[in-house]
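Novice: Below you will find the structure I want to go over with you.
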Amino acid sequence: MADPSSNEPGARFPEAARPRASGAATRRPAATATRVTASPVVVHHARYAGDPIMQEFFRRTRGSATESRRARVVMPMGVSSSFRFYEPYPIVMERGRGCHLWDVDGNRYIDYNLAQGTMVVGYAHPEISRAVKGAVATGSMFALPSRDDRTIAELLCKRFPVDQVRLTNTGSESVMYSVRLARAFTKRTRILRFEGAYHGTYDAVLGGFRSRPDKAGPADDPQPDYAAAGLIPGALEGALVAGYNDIDTVRRRFREHGREIAAVLVEPVILNYGLCLPEPGFIEELRRLCDEHDALLIFDEVKTGIKLAWGGACEFLGIRPDLVCLAKSIGGGLPMGAFGGRQEVMDLIVRDEVLHTGTYCGNRASLAAGIATLGRVMTRGVYRRLNSLSRRLRKGYEEVVRRHRLDAHVTQLGPFGTLWLGRRPVKNYRDFLHYSEDRWMRFYFGMANNGVLPAPPGQDDVWTMSVAHDEKAIDATIRAFDKVAPLLR
Ligand SMILES: Cc1ncc(COP(=O)(O)O)c(C=O)c1O
């Protein structure tokens, strides 16, 4: 039987890899419920009185509290991206090296957040630092073609089943251009996507992300709700939503709207409400339905990208989508994204029927970091080690869960994993909503107190293993969890 935690090409998801028992779990409050209060530190000390985890957190992070208070004066929530804010205040970072981050109070953390899954190369990798320094010293951008543009494109076309790529700066851009290409190619407008999945900030793909329970409709007929304002009128109506792993609803959407659907947009393995695996045959059936109805299949590989396997989810699942969206890890820590696909779709750009532009696309610093990442750091040889370290972390977490009889389970695939503080299996977004964000954040703060950032803050993200992690870091992480676990019961 295939190893459930393996991301070797062609590996599948046997039952053993799945969460086993189901059980009661608390309802997760809306993530948007965390709001900035007037005098954060005073208010929060009172709110968390009697909680030893939080008292220790306050003691260790006085500098972060001060920095955060000052930042809130000049920036909404005191952060550059709303996903970075959490109550009572985020830990403010100063530097990173290898698999470690240091905060403004001088605390050191073993980090599995890795800049929301971007820094699979680890912090300050010498190969990448050297490449970036060289590019900056000879002109950080030309906004004119260079040999490096071609080199990156060749490296990406080797890894992913695409004929051509164009570069962007972010995942949001990569998704936006892929959707435009799909619409222009099919001469249709609607995009079918999966409830709860995140595909970046483009208006057309926000319907169904963090939809409100009272507006989201029944599980087998989810609606493209979106809780925040300011979208282009009609943006939500363009979307069609189905539950992830709910192939019956997908089939019904195609039956009812087959001639309107330009593309199915899917994160092939969900990494945005914890690690949620596709059921056997689910993605294959999406491919088949798209072919049957002349719609395009778009893989959003912004997160899976060069982490799940050398050739991403395409290689791992053995499926060729029509378009692939990339970003995050391919830039080795500098802003770089890409989208690519088969020739006849990309020809729309050649014929100028779809316009793709961007001053910073292919800036030299990002290209240099990307070439070092794709060409010299994330070579075929590193994946076996990433997987084995990630497996070691899963087994360690599972052992602690057993020893402390915690109501929890772990899912892991390749370099990714999630500690679920409950037993309910998560097959889609509705399952995920049963999990308590508050409980998970206590785990986060408890681990932070013991020198570990176990994932980005929030049950909705995953741990990522980098090439800079080692057995010593994993074992220290498991020891930290052993200390925190009794406080979570
Ligand atoms: C699957 C997926 N697609 C797209 C995006 C958007 O990428 P970016 O934040 O670079 O715009 C993200 C960001 O987390 C993502 O996880």
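Every number here is computed from the coordinates shown, using simple stated rules; none is lab data. All figures in this text were calculated on a predicted structure; none of them were measured in a lab. Positions of Cβ are backbone-derived with ideal geometry, glycine not excepted, and every protein chain shown enters the neighbour counts.
Novice: Just to verify a number: FRET efficiency for Lys395 and Arg97, C-beta to C-beta distance, R0 = 30 Å, to 0.05?
Specialist: 0.65
Novice: Given the rule -39500 (n - 2.57) for each run of at least 4 DSSP H residues, summed and divided by the residues of the chain, what is its mean residue ellipticity at 222 nm, to the nearest 500 deg cm²/dmol?
Specialist: Roughly -11000 deg cm²/dmol at 222 nm, from the helical runs in the chain.
Novice: When DSSP assigns beta bridges and you keep just the ones with both residues in the chain, what percent turn out antiparallel, to the nearest 5?
Specialist: For the chain, the DSSP antiparallel bridge percentage is about 60.
Novice: Short version: ³J(HN,Hα) in whole Hz for each residue of region 412-419, in order, from phi by Karplus 6.51 cos²θ - 1.76 cosθ + 1.60 (θ = phi - 60°), x for Gly and Pro, what are they?
Specialist: 8, 8, x, x, 10, x, 9, 8
Novice: Loop-only check: which trypsin sites (Lys or Arg not before Pro) in region 162-268 are DSSP coil with at most 16 other Cβ within 10 angstrom?
Specialist: Answer in residue order: Lys187, Lys215, Arg259.
Novice: By DSSP, what percent of the beta bridges with both residues in region 240-342 are antiparallel, rounded to the nearest 5?
Specialist: About 40 percent, rounded to the nearest 5.
Novice: When the Cα centres of region 359-392 and region 282-348 are compared, how far apart do they sit, in Å?
Specialist: That distance is 17 Å.
Novice: Between region 53-103 and region 408-435, what is the C-alpha centre distance in whole Å?
Specialist: Answer, in whole Å: 26.
Novice: Please report the relative contact order for the chain, taking Cα pairs under 8 Å with a sequence separation of at least 6, and give it as a percent rounded to a whole number.
Specialist: It rounds to 24 percent for the chain.
Novice: Another question, then. Non-local amide H neighbours of Val241 (under 5 Å, H modeled in plane, Pro and chain starts lacking H): which ones?
Specialist: Residues meeting the amide H criterion: Arg193.
Novice: With the contact rule set at Cα under 8 Å and sequence spacing of 6 or more, what percent relative contact order holds for region 98-204? Write down the numbers at each step before the final one.
Specialist: Working: 45 pairs, mean separation 16.3, N = 107.
Relative CO of region 98-204 lands at 15 percent.
Novice: A further question on this structure: Quick check for region 126-377: number of Lys pairs with alpha-carbon distance under 21 Å, counting only pairs 8 or more apart or on different chains?
Specialist: Close lysine pairs under the 21 Å cut-off: 6.
Novice: Can you work out the Karplus-derived ³J(HN,Hα) for every residue in region 371-380? Use 6.51 cos²θ - 1.76 cosθ + 1.60 with θ = phi - 60°, whole Hz, and x for glycine or proline.
Specialist: 5, 5, 5, 6, x, 10, 9, 8, 7, 3
Novice: Return the whole-Å distance between the Cα centroid of region 146-197 and the Cα centroid of region 210-225.
Specialist: 28 Å
Novice: If I model region 126-377 as equal point scatterers sitting on the Cα atoms and use the Debye formula, what is log10 I(q)/I(0) at q = 0.15, 0.18 Å⁻¹?
Specialist: These q points yield log10 I(q)/I(0) values of -1.02, -1.38.
Novice: Then there is this: Per 10 Å bin from zero, what fraction in whole % of the C-alpha pairs of the chain is there, up to the bin with the longest pair?
Specialist: Computed distribution, short to long bins: 4, 20, 30, 28, 15, 3, 0.
Novice: Tell me, what ³J(HN,Hα) does each residue in region 185-191 have, in order and in whole Hz, if you take phi through Karplus 6.51 cos²θ - 1.76 cosθ + 1.60 with θ = phi - 60° and put x for Gly and Pro?
Specialist: Residue by residue, region 185-191 yields 5, 8, 6, 10, 10, 8, 10 Hz.
Novice: Continuing with this model, one more query. Lys483: which lysines have alpha carbons under 22 Å from its alpha carbon, excluding same-chain residues fewer than 8 sequence positions away?
Specialist: Partners found: Lys395, Lys472.
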